[in-house]
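Heads up, the thing below is written out as structure tokens.
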Amino acid sequence: MILVTGVTGTVGGEVMRRLPRGVGVRVMARDPGRVAGVPAGVEVVAGDYGDVVSLGRALAGVRRAFLVTTRVGGGDDAAFLAAARRAGVGHVVKLSAAAVLDRGAGDVITCWQRVVEEQVRGCGLEWTLLRPRAFMSNCLSWAASVRGERTVRALYGTSPHACVDPRDVAEVAVRVLTQEGHAGRAYTLTGPQAVTAVGQSAVLGRLLGAEVRFVELSTAQARAVWAERYPQPVVQALLDSAGRQRAGAKARVEDTVREVTGRPARSFAQWAADHLEAFTPPAGPVAAGGPVPPGEPA
């Protein structure tokens, strides 16, 4: 039995849908009613990292688990790993982030991720770490302004980042969960080339058949927008992350997706073409609109 967490988020749901038929799959969510697109034969259970009893039920009979957590500093990983040991789980695959390798990254999110990685490595179970760069799907935060104004607003528009398609991250996770030979490994996952927000805007314009203009946000503007959505430590972490990206810390490309799956990583153009409906304006004139959140330089 394979347990998948984070199924209402960006990667976990893709993992759930890509696991092969015939493999016992269980997914855990705080609210099972929010889990969409569940394949036939997949078991959905209620579970909360803060509820030891629910974790025990979710992990009963599980051989391998895909672990996703988002509560910075909340202790969710330690609680899950302890429950996994008690349940006799053999292998935990943890979704982390490539920033843990950047010595210049000292923000609260990256420091938390490093602590979690240490917990995973010392948990007494077999483990694998997946360290993706920013997800291409972060660009969906531009969708409203592209539909309404054919405009992208973002911070540091010419800074390169080797963002990755979440589907590629999920496909790597599926290989690790269903094949041998990945224990004790840490995989950094990127797209096939570094891109910029300006370049991504141009790609969207070509696919839409209309110019998509890019507007550079100031640091103060980005801070104000993020402050409407996140607490101050997270806002500062996002700004620090964007600064490292501007300095080139996120431009390195890895071929890990090909090495694990046997095929190259998808390009941003491929991702955008597959999600073009989100950016396509409705019939009629393009309307003016207000500022929108920039893409998050995770």
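The values are calculated or read from the model by the stated rules, or taken from the named source; none is laboratory data. This is a predicted model, so every value here is computed, not measured. Please note: Cβ atoms are built from the backbone with ideal geometry, for glycine as well, and neighbour counts cover all protein chains shown.
Among the numbered criteria (1) surrounded by fewer than 17 Cβ atoms within 10 Å (Cβ to Cβ); (2) in contact with a helix residue (DSSP H, G or I) (Cβ under 7 Å, 6 or more places away or on another chain); (3) assigned to a helix (DSSP H, G or I), which one does D77 miss?
(1)
Condition first: over 26 Å from A224 (Cα atoms) and over 21 Å from the mean Cα position of the chain (by Cα). Can you find one or more residues in the stretch 171-179 that meet it?
First pass over the stretch 171-179, keeping only residues over 26 Å from A224 (Cα atoms): 171-179.
Still in the running and over 21 Å from the mean Cα position of the chain (by Cα): 179.
The answer is yes, given that some residue of the stretch 171-179 is over 26 Å from A224 (Cα atoms) and over 21 Å from the mean Cα position of the chain (by Cα).
For residues that are outside any helix (DSSP H, G or I) and in contact with a strand residue (DSSP E or B) (Cβ under 6 Å, 6 or more places away or on another chain), scanning just the stretch 98-130, find the one that is surrounded by the fewest Cβ atoms within 10 Å (Cβ to Cβ).
So, considering only residues that are outside any helix (DSSP H, G or I) and in contact with a strand residue (DSSP E or B) (Cβ under 6 Å, 6 or more places away or on another chain), the one surrounded by the fewest Cβ atoms within 10 Å (Cβ to Cβ) is E126.
In the stretch 3-12, what residues are at pLDDT 95 or above and among the small types (G, A, S)?
Correct list: G6, G12.
So for the stretch 165-173 (the condition being in contact with a strand residue (DSSP E or B) (Cβ under 7 Å, 6 or more places away or on another chain), within 28 Å of T280 (Cβ to Cβ) and of a type in the set (D, E, K, R)), does at least one residue qualify?
To start, the set of residues in the stretch 165-173 that are in contact with a strand residue (DSSP E or B) (Cβ under 7 Å, 6 or more places away or on another chain) comprises 166, 168-169, 172-173.
Still in the running and within 28 Å of T280 (Cβ to Cβ): 166, 168-169.
Still in the running and of a type in the set (D, E, K, R): 168.
Yes, the conditions are met somewhere in the stretch 165-173.
Name the single residue that is modelled with the highest pLDDT among those in the stretch 236-272 being among the small types (G, A, S) and more than 19 Å from the chain's Cα centre (by Cα).
G262
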